[in-house]
Structure formats: structure tokens, C-alpha cells
1. Go through (1) aromatic (F, W, Y); (2) within 16 Å of the ligand (Cβ to nearest atom); (3) within 21 Å of V261 (Cα to Cα) one by one and return the number of the condition F103 breaks.
2. How many residues, within the range 108-127, are under 30 Å from N201 (Cα atoms) and either modelled with pLDDT under 95 or more than 10 Å from the ligand (Cβ to nearest atom) (or both)?
3. Tell me, yes or no, whether the range 137-157 has at least one residue that is closer than 15 Å to R267 by Cβ, assigned by TED's automatic domain parsing to the domain that holds V258 and touching a His at 6+ places or on another chain (Cβ under 7 Å).
4. Which one of these is assigned by TED's automatic domain parsing to the domain that holds R191, at pLDDT 95 or above and in contact with a helix residue (DSSP H, G or I) (Cβ under 6 Å, 6 or more places away or on another chain): R239, R211?
5. Do any residues in the range 116-138 that are free of Cβ contacts under 8 Å to residues at least 12 places away in the same chain have Cβ atoms under 8 Å from those of residues that are more than 9 Å from the ligand (Cβ to nearest atom) and not in a loop (DSSP other than H, G, I, E, B), where the two are at least six apart or on different chains, and which pairs are they?
6. Which of the strands (runs of 3 or more DSSP E) contained wholly in the range 112-193 include at least 1 residues that are within 22 Å of Q213 (Cβ to Cβ)?
7. Please note which strands (runs of 3 or more DSSP E) are completely contained in the range 268-311 and include at least 1 residues that are of a type in the set (G, A, S) and within 14 Å of the ligand (Cβ to nearest atom).
8. Of G299, G264, G240, G251, which residue is closer than 18 Å to L144 by Cβ and over 20 Å from the mean Cα position of the chain (by Cα)?
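The values are calculated or read from the model by the stated rules, or taken from the named source; none is laboratory data. Keep in mind that what you see is a predicted model, and the values were worked out from it rather than measured. Glycine gets a Cβ as well: all are built from the backbone with ideal geometry, and neighbour counts include every protein chain shown.
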Amino acid sequence: MLNSILPKIDSQTGSKVHFYPLLRQQQKRSNGQTQFACFFFASVFSVFMLTVSARAQDFVAKFDSVRSVTLEQLATGDVQLVDLTHELNNKSPFWPGDDYQPFELKTIATIEKNGVLSKSFAMPEHFGTHIDAPCHFEQGQPSLEEIKPTDLFAPGVVLDILMAAEADPDYRLTVADVMNWEQANGPIPMRAIVLLKTGWNRFWDSNVRYRNQDLQGKMHFPGFSAEAARWLVKERQIRGVGIDTLSIDHGPSKDFIVHHVINGAGRYGLENVAQLDKLPARNFFLIVAPIKITTGTGGPTRLFAVLPRNK
Ligand SMILES: [Zn+2]
């Protein structure tokens, strides 16, 4: 390693360091001393360069290495891939609206009878892990098939309000929370997708617990605040937001103000996102793959996070 680095340093500084000639010139004491001094300082300099280079690599590994992930690595599995999508079945929690129905799957052909196995399914657009298209809450905004494909690939960050949501299930992410996150992790990358980890994912197996309705039917779970959503749109030009609950607005919301802020800016929301506990705060990339329904206001979405593999 030392040998391979030294010639590089030589070519940069223009000075010459000869290792083997040094042995032959041992009798020429003064010349030998000069050469020894060169060798000594070159060695010290090399160790210094190696240390700096190792630190730089640590820095890159910690903050930037997802940028170096290639599509080939994605295909060969030489990266960490986290599937942020819940499975769809008739136990999946869903929004308590009048015309919202559980997921339904019917067999319409069998190998025994028809020589082929085939099924049909029915579900509301806003069900399971899904996207809210910008037209969901605002007129004149893109519907599902109109979302630009380039808006579906973006760097991601995870903001964590686990503790606050534990103390208050109606908690909303504040601008101060975002500031604190940036202080600890650096600025949120421009045009990223901001995921909010509330811990609600742990109730996914129970529709009742996940909705958390009180006696009046009002739901209680955490969400974004309008102020934080506005700040993220204006200051960080986010592509969208995501959350591990039924809605990007908190449970008790009646005006769905966060939906209006996000959709009004032409951005999308991702709801019922799974496995946020498997992601770091930053340094991952998101692949958002929604169904493409003409005039759709939202729909089931496969969501992946790509992380550099831990070496
Ligand atoms: Zn939705």
C-alpha cells in the first residue's frame, strides 16, 4: 500500500524517492543521510495521507455513499433494499369512511377447473401502503397517471417523533422538530421525500388499535403540522412526504390542512408506510412505484428504500 501510494505523491510533488538505490548508496554517508531523510519524511507524509484518506472515506461512508450505489448493484443485491410496503389482505387496516371496504380477493379461475390460477381484487384507492396524488385534495393538480416519473425517485430522510407520539398520540411534527433534526443530521437534501416515523407501524395488525378511535369515533394518531409541511415545501422543495399511519394529517384532523398544503403545492403523500424502523435518518434513496389509474386520486404503491451495504 505504501509503495503504491508513494510514487503518486512523488509525481505530485516532483521530488524523487528511491527505495532500492538507497541500499546501494549506504557507503556514501552524506548522500545516504539525505536519501534517508527523504525516505523518512515521505513515509511520515504517506502515513498522514493514509490517515486523512481513511477519515475522508469514513465521512463518505457515513454521509454520501448512497450516491455511489449503481443500478448494477441494485440488480445483483450488492446493496441493502428495504421494502417499505405492507402486504394487502382482508385484515389490512383502512380508513373508516362510509364507502371504504376491506381488501377483497376472489379466485376467478383454478388450475383444476380452468388450467390456470387467476384472481380478482377490489379495494379503495386509498388503502394499504399508498400514494395520495396531488389531485386528491386540490383541483387542477395532477392525478395518478400525470405524476412525473422523475418525481418518483428521490433521496429520503426519516424524522423520528416516536417519543413525542408516545406521550401524545395526537402529536404533530413541528418546525422546531425539523430544525433539531437538521442540527443533528445536516440539511434535508433538496427535492427529497420526508418520511415521518411515529411508531404507529406496531399497531398494523389491529384495525381497531391502528385507527385508535374514541367513543365519538374521532381517531387519534400522530401526523405532520401544516407549518412543518409548508416549511418543507418552501425551504427544501420536497417531492413528497410519507408516514406510518393512515394519514399525513393527525388523527383528529377535520380540515386535512396538511393534505391541502402538500397537494396544493403539487406534491404527493405516502401513507401506511412500513418498516421505517429499518432506515437510518438519511443516506438512502427511495423508489416509489404507484399503480397507474387514469384520473386516479391515489393507489396502492410499492415503495423501496435503497441503502449502501454495510462493509
Ligand atoms: Zn390517501
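1. Of the numbered conditions (1) aromatic (F, W, Y); (2) within 16 Å of the ligand (Cβ to nearest atom); (3) within 21 Å of V261 (Cα to Cα), the odd one out for F103 is (3).
2. 5
3. yes
4. Just one listed residue meets the conditions, R239.
5. V116/A109; L117/T107; L117/A109; L117/I111; S118/T107; S118/I108; S118/A109
6. Numbers: elements: 118-122, 130-132, 153-160.
Fully inside the range 112-193 and qualifying: 130-132.
7. In the range 268-311, 268-271, 298-308 are the strands (runs of 3 or more DSSP E) which contain 1 or more residues that are of a type in the set (G, A, S) and within 14 Å of the ligand (Cβ to nearest atom).
8. G264
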